Amino acid sequence: MEYISDRIAYKRTEDDLTVYIRATSPKDKKKVRLLQIWLILWFAAGLIILSQVFFPGYSRDEKLFMVIYLFFWTYFAYRIGYAYYFRKYGTEVIYISNNKFMIRRDIHGKAGKPLHFVAKGKNPFRKVTEKPGSLNAAFYNSFWVVTGGTISFGEKKDEYRFGLQLSNEETEKLIRLLNKSIKSN
C-alpha cells in the first residue's frame with residue numbers, strides 16, 4: 001500500500017489500480033463530533049414534535065402541519081445520519097483496469113453499490129472548478145454534504161464527481177495517478 005496523504009492510499013499491480021479515499025482526515029475529528037451532536041439534537045427536536053401530535057389541544061390543521069413537518073424531518077434525519085456514518089466510517093474506492101473503472105462508497109467495511117464506467121479518451125479525470133463564493137462551492141464544501149467532490153469525469157450533463165473535500169495538492173496528485181492508470185486505445 002502506498003500513500004498520497006493521510007486520507008488517500010492506493011495499491012497498484014501491473015494490470016490495475018485500486019485507490020482508497022477516507023471520508024475524513026484525522027484532523028476532522030472535531031467536525032465529526034459536531035455532526036454527531038447535530039444528529040442527536042435533530043432527533044431530539046423530531047421526538048418533541050412527534051410527541052405533540054398526540055397531545056390534545058391542537059386543531060386538525062396544526063396536527064396536519066406537524067405531520068407534514070415530520071415527513072421533512074425524517075428525510076433530513078436520514079441525510080444527516082448518512083453523512084455522519086459516511087464521514088466517520090466511510091471510504092471511497094476507485095478501481096481501474098485498462099480503460100474501465102469502478103467507483104463505490106463503502107461504509108464500515110460494507111461495500112457500497114459499485115458504479116462502472118468506461119474511460120472515453122485519454123486523461124478523463126479532471127479537477128472540479130467552482131466559482132469561489134458561489135452557492136455550488138458553498139454546498140459542495142459543506143461537511144455534512146456527501147455528494148459532489150473535487151475530481152470529475154464525463155460530459156457536463158453526465159458528469160460524475162468523487163473525492164469529497166480533498167485539498168488542491170491531494171486532488172492534483174490523485175488526478176495524475178488516475179489518468180496515468182487509464183490505458184485508452
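The values are calculated or read from the model by the stated rules, or taken from the named source; none is laboratory data. Worth saying up front: this structure is predicted, and the values here are computed from it rather than measured. Virtual Cβ from ideal backbone geometry, glycine too; neighbours counted across all protein chains shown.
Some observations on this one:
- When the stretch 35-66 is filtered for residues that are within 19 Å of GLY81 (Cβ to Cβ) and exposed (fewer than 14 other Cβ atoms within 10 Å of the Cβ), the ones remaining, listed by number, are ILE37, ILE40, LEU41, ALA44, ALA45, LEU47, ILE48.
- Whichever residue in the stretch 28-52 is touching a residue at least 12 places away in the same chain (Cβ under 8 Å) and charged (D, E, K, R) and, among such residues, is nearest to PHE162 (Cα to Cα): ASP28
- Residue list for the stretch 13-34, filter: of a type in the set (A, V, I, L, M) and either part of a helix (DSSP H, G or I) or surrounded by fewer than 17 Cβ atoms within 10 Å (Cβ to Cβ) (or both): VAL32, LEU34
- Of all residues in the stretch 161-185 being touching a strand residue (DSSP E or B) at 6+ places or on another chain (Cβ under 6 Å) and not in a helix (DSSP H, G or I), the one that is nearest to ASP28 (Cα to Cα): GLY163
- Selected residue (criterion: nearest to PHE162 (Cα to Cα)) from residues of the stretch 107-123 that are in contact (Cβ under 8 Å) with a residue 24 or more places away in the chain and in contact with a helix residue (DSSP H, G or I) (Cβ under 8 Å, 6 or more places away or on another chain): ASN123
- Just one of (1) under 18 Å from the mean Cα position of the chain (by Cα); (2) exposed (fewer than 12 other Cβ atoms within 10 Å of the Cβ) fails for ARG126. It is (2).
- Of all residue pairs spaced 6 or more apart or on separate chains, those with beta-carbon atoms under 6 Å, a first member in the stretch 124-143 that is of a type in the set (S, T, N, Q) and at pLDDT below 80 and a second member that is surrounded by 12 or more Cβ atoms within 10 Å (Cβ to Cβ) and not in a helix (DSSP H, G or I) are ASN136/GLU130.
- Selection over the stretch 150-185 of residues that are crowded, with 16+ Cβ neighbours inside 10 Å and either more than 15 Å from the chain's Cα centre (by Cα) or in contact (Cβ under 8 Å) with a residue 40 or more places away in the chain (or both) gives a count of 14.
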